[in-house]
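A.B. asks: One structure follows; several queries about it will come next.
The values are calculated or read from the model by the stated rules, or taken from the named source; none is laboratory data. Just so you know, these numbers come straight off a predicted model, no measurement behind them. As a convention, Cβ positions derive from the backbone with ideal geometry for all residues, glycine included, and neighbour counts pool all protein chains shown. The area values use the complete protein model at the heavy-atom level, side chains included, leaving out ligands, DNA and RNA. Shrake-Rupley method; radii C 1.70, N 1.55, O 1.52, S 1.80 Å.
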Amino acid sequence: MAAVIHSFELHGHVADVLSCLCNPDGTYVATAAADATIRYWRLSDCMPFKVLRGHEGAVTCLSFNGIGDVLASGGADGVIILYNAESGTVTKSLGGGPACNPMGAKFKNVVINDVSLSAKGKVVAAAYEDKMIRVWKAGTGDLVRVLQGHTDQVLSVHICPSDGRLVLSGSADKSLRVWRADNGTCLTTLGTGDSAAKHKGWVTGCRFSNSGRAIASCSSDGEAKLWNANSAKLSSTLNAAGGWVSLPNPPFSI
């Protein structure tokens, strides 16, 4: 059984905390909440030291780039905000207006369930409630690709740390897909042809390993799975006895 190294309570948000993420060097925790704010907390003394604003509603998800100088957030307002992670200032706002989605419609207020910033901070991928994954250029704010194929809302997304062209997604349709972000192709759906390997519930989390050779996924069915990224075959299944499972951030090493 794993031991608890340290436990603490952080008080400051005035509504539900929806996302929690350590910065890459492990000096502070960023939390996102339904009160439309992001807060930083020092791990050395558990004290808050910065509040980030910009969203018009609940902040649902967070992602740092590889060195931790850029923070991306997604919200229930359908907007992705990029911050200078050190100063907390907004550097770019993505979405919330007309863009090149398949229907040519606005998607402001389409809830963003998850966001992933590439290791170099040049690309942002977001998982939306409308079954789409949208891929953006962080520098220009341009929407460059819409990945469609899921039949229910997309709950998790992750850009491969070793190859920024690859995007992994998990959905309420119980599927897990790997995409090429540069051309919009779905390369594979994991577990296809093997019903025993598939998740039986919503795929609530998914991550590439740092090397890109392995994939981890978790589901509302209480299972976490490890996959061979090259063969798309299941390597192992871990069962949490029916409880919800979450995955670590940043990615794991294999």
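A.B. asks: Between residue 91 and residue 197, what FRET efficiency comes out of the Förster formula 1/(1 + (r/R0)^6) with R0 = 35 Å and r the beta carbon distance, rounded to 0.05?
C.D. replies: The value I calculate is 0.25.
A.B. asks: Here's another thing I want to ask about it. How high is the FRET efficiency between residue 53 and residue 163 when r is their beta carbon distance and R₀ equals 35 Å, given to the nearest 0.05?
C.D. replies: Step by step, r from the Cβ atoms, then E = 0.55.
A.B. asks: Now for a different question. Near residue 233, which lysines are there with a Cα under 20 Å away, not counting those fewer than 8 places off in the same chain?
C.D. replies: Excluding near neighbours in sequence, the set is 174, 198, 200, 225.
A.B. asks: A follow-up question, please. So if I take the alpha carbon set of the chain, get Rg, then get Rh from the Kirkwood formula, what is the Rg over Rh ratio?
C.D. replies: Radius of gyration over Kirkwood radius for the chain works out to 0.95.
A.B. asks: What accessible area per residue comes out for the chain, rounded to a whole number of Å², with a 1.4 Å probe?
C.D. replies: Each residue of the chain exposes 47 Å² on average to a 1.4 Å probe.
A.B. asks: Just 74, 12, 57 to compare: in a GNM of the chain, with alpha carbon springs under 10 Å, which one fluctuates most?
C.D. replies: The residue that fluctuates most here is 12.
A.B. asks: So what are the ³J(HN,Hα) numbers for region 33-43, from phi and the Karplus equation (6.51, -1.76, 1.60; θ = phi - 60°), rounded to whole Hz, Gly and Pro as x?
C.D. replies: Karplus values, whole Hz, x for Gly and Pro: 9, 6, 8, 6, 10, 10, 10, 9, 9, 5, 6.
A.B. asks: Calculate log10 I(q)/I(0) of region 131-223 for q = 0.11, 0.17, 0.26 Å⁻¹, where I(q) comes from the Debye formula with a single equal point scatterer on each Cα and nothing for solvent.
C.D. replies: -0.29, -0.69, -1.43
A.B. asks: Can you pull the percent of the chain's accessible area that's carbon plus sulfur, 1.4 Å probe, other chains left in place?
C.D. replies: Within the chain, the accessible surface is 52 percent carbon and sulfur.
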